[in-house]
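The values are calculated or read from the model by the stated rules, or taken from the named source; none is laboratory data. What you see is a predicted model; the values in this text were computed from it and never measured. Areas reflect the complete protein model, heavy atoms only, side chains present, ligands, DNA and RNA absent. Shrake-Rupley method; radii C 1.70, N 1.55, O 1.52, S 1.80 Å.
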Amino acid sequence: MRYDFLPDEVRQLGVTAKAISASTFTASSIPSLTTGLYPATHGVWMFDDRLPERPPLLDDDAYDVGFDTETVWIELDAPDKPPLQINHVDTERTIEDLEPPFVSFVHDVGPHAPYGFENGVFESTKEFFRTHEKRRPQLVSLYRQDCHNSAQRFLRLYERLSEDGLLDETLVVFTSDHGQCLGEWSNGGRFGHGHPMAPENVEVPVVFAGAGLPEGETYDPLLSGVDVAPTVISAQRGAPPADVDGVDLWRSTPRPTRKVRSDVWQHLDVDVAGRAVELSVYAATSAWNRSGGYVFHRKSSVQRLGAIGYDNVFRGYSPAWLGNLSPAKALNMLSIALTSSMTYGAPDFTRDEAQRVVPSHLERATHEASDAGLSDEQKTQLRDLGYLQ
């Protein structure tokens, strides 16, 4: 969900801030929300990667813990759902299964394609775009409706807390793992996320509600997805872990000079003449403040150009891109693929300052993958969602 599409029915519940998502890709952004670490720190880039251990936010020794992905990973059994596997969670539990005090992490499908429809109505993301709607104004309208659909699911949980008398003692957080490109010229006409790393993909809402917080207010500092875990842990248990990248907003305020990051590295292992070769689909890191940001592409520009071209022409969101294509958008997409860096807005810090806070290169973690890799069932669902070719 993009920040500029946050529904008013959620905004009015509490304190709303603009944040930069830790990544533009679900596989690396979800573990940032649960750990408070940037992807380049925790090392989870793809869906078969793993955190080294269950994060403190989901520690169930002292608190009842639930992890709910029912609206998105609908074709898989709980032990096979990538977000649970990444976080070393074996059992899926909804808020109805929990006793206070608890932590309930709900990974909602959000305004993910197919826009405006429940997950499962269409066979795949590509089938939705191919058979339902290709014109940008209609797709934007459907996306906005899907934001409201997600908000309504959230409101049902929020109202349940209120009805059970738990709202005043529960910190409720509404946020997103990344934003969404909706065919803008500045993004080369791209629909979807992952790439390019741009404001539409990284600017997301964070709404803090319940816990005695005021309603309908705005928090001015720019936040990050890595702030969620330390803030929640602090509100519930006291001081968060000392080694997080995020800020504990429950007890402190970000410095005015703070720059927040977003990292992404989509890569695939492909077989070439019987030899495994790593292909970088898209790799970038960036630094942002409220006035703008710098994006730095990493890895091979040749691989990036080929992967972006293939993605836009053949994969899940391709019918929408092709249906709204113009020469200007195509040229801008070519420029994005080939350039080494991009500037957005009017950042009041220098490119050199940005370079100093971002990782100079992106690496695999030593604990990165499951022993068996992705199963056929996992690959099928990821392909249907538009994540795999």
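Structural remarks
- Set against the 2.2 N^0.38 Å expectation for a compact globular protein, region 38-136 has a Cα radius of gyration ratio of 1.28.
- Rounded to whole numbers, the Karplus 3J(HN,Hα) couplings from phi for region 353-363 are 5, 5, 4, 6, 9, 9, x, 6, 8, 10, 10 Hz, using 6.51 cos²θ - 1.76 cosθ + 1.60 with θ = phi - 60°, and x at Gly and Pro.
- Summed over the residues of the chain and divided among them, the accessible surface reaches 43 Å² per residue at a probe radius of 1.4 Å.
- Percent antiparallel among DSSP beta bridges (both partners in the chain, rounded to 5): 80 percent
- The chain: relative contact order in percent, alpha carbon pairs under 8 Å with at least 6 residues between: 25 percent
- Note on the chain: with neighbouring protein chains present and a 1.4 Å probe, carbon and sulfur make up 48 percent of its accessible heavy-atom surface.
- Nearby lysines by direct alpha-carbon distance to LYS259 (threshold 28 angstrom, same-chain neighbours under 8 apart not counted): LYS18, LYS299
- In terms of overall dimensions, region 131-227 has a Cα radius of gyration and Dmax of 16.5, 49 angstrom.
- Taking all Cα pairs closer than 8 Å and separated by 6 or more residues, the relative contact order of region 109-263 comes to 16 percent.
- Taking all protein chains as shown and a probe of 1.4 angstrom, ASP61 keeps an accessible surface of around 140 Å².
- GNM flexibility winner over the chain from ASP164, ASP311, ASP177 (Cα, springs under 10 Å): ASP164
- Cα convex hull volume per residue for region 182-293 (Å³): 169 Å³
- Normalising the average separation of contacting C-alpha pairs (under 8 angstrom, six or more residues apart) by the number of residues puts the relative contact order of region 105-201 at 21 percent.
- Working note: 222 nm ellipticity from helices only, DSSP H runs with n ≥ 4, each -39,500 (n - 2.57), summed and divided by the residues of the chain, gives -9000 deg cm²/dmol to the nearest 500.
- Its Cα gyration tensor gives the chain an equivalent ellipsoid. The semi-axes, each the square root of 5 times an eigenvalue, are 30, 24, 22 Å from largest down.
- Along principal axes, Cα extents of region 1-67, largest first, whole Å: 38, 30, 17
- Here is the P(r) of region 187-234: all C-alpha pair distances, binned every 5 Å from 0, give 4, 15, 20, 20, 14, 12, 9, 4, 1 in whole percents.
- Shape call, region 271-327: gyration tensor on alpha carbons, a/c limit 1.5: oblate
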